[in-house]
Every structure is written in C-alpha cells, then in structure tokens.
1. Among the residues of region 387-411, how many are within 13 Å of G349 (Cα to Cα) and open to solvent by less than 10 Å² (accessible area, probe 1.4 Å)?
2. Give the residue, chosen from R276, R256, R243, R293, that is touching an Asp or Glu at 6+ places or on another chain (Cβ under 6 Å) and of a type in the set (K, R).
3. From the list A402, A427, A371, A328, which one is modelled with pLDDT under 95 and of a type in the set (G, A, S)?
4. Exactly one condition in (1) modelled with pLDDT of 95 or more; (2) hydrophobic (A, V, I, L, M, F, W, C); (3) surrounded by 14 or more Cβ atoms within 10 Å (Cβ to Cβ) is not met by I297; state its number.
5. Considering each residue of region 395-429, count those that are closer than 30 Å to V52 by Cβ, within 24 Å of the chain's Cα centre (by Cα) and not in a helix (DSSP H, G or I), and give that number.
6. Any idea which residue in region 115-140 is most open to solvent (accessible area, probe 1.4 Å), counting only those that are aromatic (F, W, Y) and part of a helix (DSSP H, G or I)?
7. If the requirement is being within 20 Å of Y113 (Cβ to Cβ) and not aliphatic (A, V, I, L, M), which of these qualifies: T183, T136, T189?
Amino acid sequence: MRLLYSLLWWLALPLVLARLWLRGRREPGYRQHWAERLGLYGKAASSPAAPVLWVHAVSVGETRAAEPLVNALLARYPHSRIVLTHMTPTGRDTGRTLFARHGARLVQAYLPYDTGLMVSGFIRHFKPSVCILMETEVWPNLIATCGRRGVPVVLANARLSQRSLGKAQRLGALMRVAAQGITLVAAQTEADAARVRSLGVPRVEVTGSIKFDVVVPPAALAVGAALRAAIGARPVLLCASTRDGEEALILEAFRRDRAALPAKTLLLIVPRHPQRFDDVEKMIGWQGLNVQRRSTIDPGTPLAAHIDVMLGDTMGEMFAYYDVCDVAFVGGSLLPLGGQNLIEPAALGKPVLIGPHTFNFELVTQEAVAAGGAMRVTDSADLLAQAANLLNDREARSAMGANALAFASQHRGATARTLALLASLIAPT
C-alpha cells in the first residue's frame, strides 16, 4: 500500500506543483522556497551544533497551538535548537512573528512532500533527534523514514474526530502501518485517545489541549487597546475565523436584523483564509454596508461613524481582535466545516457564540457550553438574536465572560504534561 501511495505522489507531483503556482497568484508566499518542499535544503552541516528538535505545525492554527510547547522545549533544553516546519506560507509567517525572539535557536522550513526520497533529504540535512507532529498530521512515508533512521515520532496535542477516524479507516493498511510507527501520541481528550488507539498506535496518553496554555502576548493587548481607541464606545460583535459561505449568511442577517442590536454596533469580520479578504470586502458592499479594512486604519485616527463593518485583513492579530470585541462568534461552525477552537476568546474572558457544526472540537465546545462560557446558535439569524441579547444586557454578558475565563483557566497544564512524556525521548542538554 505504501509503495502505491508513493507512486501516486510522484505521479501527482506535476499537478501539485502547478496548483502551488496557481495559488501563488493570490498568495505570493506559495511561490517561495519551492526547493524545501522537494526535500532540498542546501548543504547539510557535518554535524549539528546542538541537538535538533523537529516540530511540525501545518498552518496558522497549529503554529499558534505549538507556541507554549516550543517555548517550553527551548527553555527545558537550553542547548538545543528547533526546526519548525509548515505547509502554508501563513503558518510560516505566523511562526516568524511568534518566535522571532528565539533568534537562531529556531529555524523555519517547509515540510517536504511525503515521499521517502524527499523526507530523507530533510532528515539528512537537519539531523533531528525527535519529530513532533502537531494535532492531526500523519504522513505514512515521513513516519516510515523516521523509523528507519531512528527518529522517534510524536503526535502532540492530538485530536481525531469520528469523521476523521472513518477516513483513516478507509485507508486500511496504509494508515494502520503508519499509526503503528508513531512512538507516542499525546491526545487532547480521552475520546481522541480512544479513537487513536483503535488505529493501532502503541502508546497513547491523555494530556489535554496545549491551547489552554497559550499566554496572551502583551503586544497583542496593546494592538487591541489601540483598535478599541479607534472604535470608541461602539459595541463590537466579532465573527472570527469565518469560512467560505458563512460571511454571506452573517452579512445578510446583520443587514436584516441589526435594528435589534444596540445603536452603532460594529460588525468585525475576520476570515480564516487571507486569500478571501478581497472577496469578503465585495460581499460587504453588495449588502449595502460601509466597510473599512483593518489594514487601512491609521494609529490615532478614530473610525468613521458611518462604518458598519470592519474587515480584519491582517495576520497575527487574532488575540487583538478578540480583545477588542464585546461578543465573539467562532466561525467554521455555521456550516458543516467542523468549527474552530474557542479557547482564545475564552482565555480573554469573552462570551462565545458558536454554531451547530463543531465536530473537530466537540468536547471542548460541549464543556464550554456546560460551564456557561459559550452558547450554541442554530443559524445566522439566531447568531444575531443571541448577540443582541448579550450586547443589550451588560450583566449577562459579564457573567458569561467570567464563566469563559474560569473554564479556560481550569484546563491549563497540558504543556507540562506533554513535556514530561517527551523527556524519555529527548536526551538532556
């Protein structure tokens, strides 16, 4: 099965590269560092100057989730360095922003495509002592190549929905063999752990979600304060990490039902994918609403009173957007897309609204709702109705935000538990 899988990769490679080039028309980052995706990283050092810990975070969400673990690894192993790999330019940009303070101790690169030859090129160049994959990344040839070269593979902060388990099971022996090659899985929940165990992983431990350990950067709070100063006293309804199809529903509901909201409520929309910023701006105009992009707001300049919608078109400012809002809706959940994690707004003490489709983060969503820090909405009309209730009721809004903060606080500690498990796989430095 893996031979067939590898053959399919090589046959598909021209199409994969063509797609990469086409995506580069809207996101130029996809046209950079192509050699890295093919396992070519230049001349390898004869021997690493320090032990190399390899952490893979595919895109923005995983990179931000990896922040507490990366910082903890560099602190625990002061003579080591980290190679942080990604698959998307937005993930790479996020990593550059989050970890700039570590300087040469952290190197970024693209993960090579999953062929044995390309993965071998990566390992020969960087010589990692351990491979730590974040959340859901399971690549059969990567795992097999690491096994042959004596590099233990860890799946950290792991989550596996029932839907994803079904897809893995349909891959049969290919996924079973890959799962058996993973040295350790640190799962977010017992349900995730049980699903992972069913694939044949030999060692699975429950550590909780590392995302609860994310520390809000003071710089993000400073940006949030500046944005709030520009917005003034207007109530802010944030719709964060929205996906294709959701913005149209939200904007239509906002135009139709905004009379129920407090006067001058500002709708702040932050699409999850930057290539969609221009399209969402057009949607806002089609609804007859006045829009201003976040990137065009000058420091110290008040937001014009006639602006109905602010479009969050910047990367790396999600904490600032959450900080500035009064109520936060977490996107990817109005349509059957699996949802996004609600930990960040909860950690800032914001009342959270979330749609019915949260199968990627089901348990954490259920627990936040049970704790009174989050509320389910059925559709875009219900989203506007519940937002109006909260924005018109300061006491209810404050209580829900306090519940959200308490929920986030009581779930901290996954980073320390994960670090303890990794100790047996990483030589002391």
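The values are calculated or read from the model by the stated rules, or taken from the named source; none is laboratory data. What you see is a predicted model, and the numbers here were worked out from it, not measured in a lab. Methodologically, a virtual Cβ is constructed for each residue, glycine included, from the backbone with ideal geometry; neighbour enumeration extends over all protein chains shown. The protein model used for the area step is the full one, side chains on, heavy atoms only, and it has no ligands, DNA or RNA in it. Shrake-Rupley method; radii C 1.70, N 1.55, O 1.52, S 1.80 Å.
1. Here the count works out to 4.
2. The unique qualifying residue is R293.
3. Answer to the selection: A427.
4. Status for I297: all satisfied but (1).
5. Summing the residues that are closer than 30 Å to V52 by Cβ, within 24 Å of the chain's Cα centre (by Cα) and not in a helix (DSSP H, G or I) in region 395-429 gives 2.
6. For region 115-140, the residue satisfying everything is F126.
7. T136
Each row is one residue, and each column tells you yes or no for (1) out of contact with any strand residue (DSSP E or B) (no Cβ under 9 Å at 6 or more places or on another chain); (2) under 22 Å from R258 (Cβ atoms); (3) in contact (Cβ under 8 Å) with a residue 60 or more places away in the chain.
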residue: N360; (1), (2), (3): yes, no, yes
residue: A371; (1), (2), (3): yes, no, no
residue: A374; (1), (2), (3): no, no, no
residue: L390; (1), (2), (3): no, yes, yes
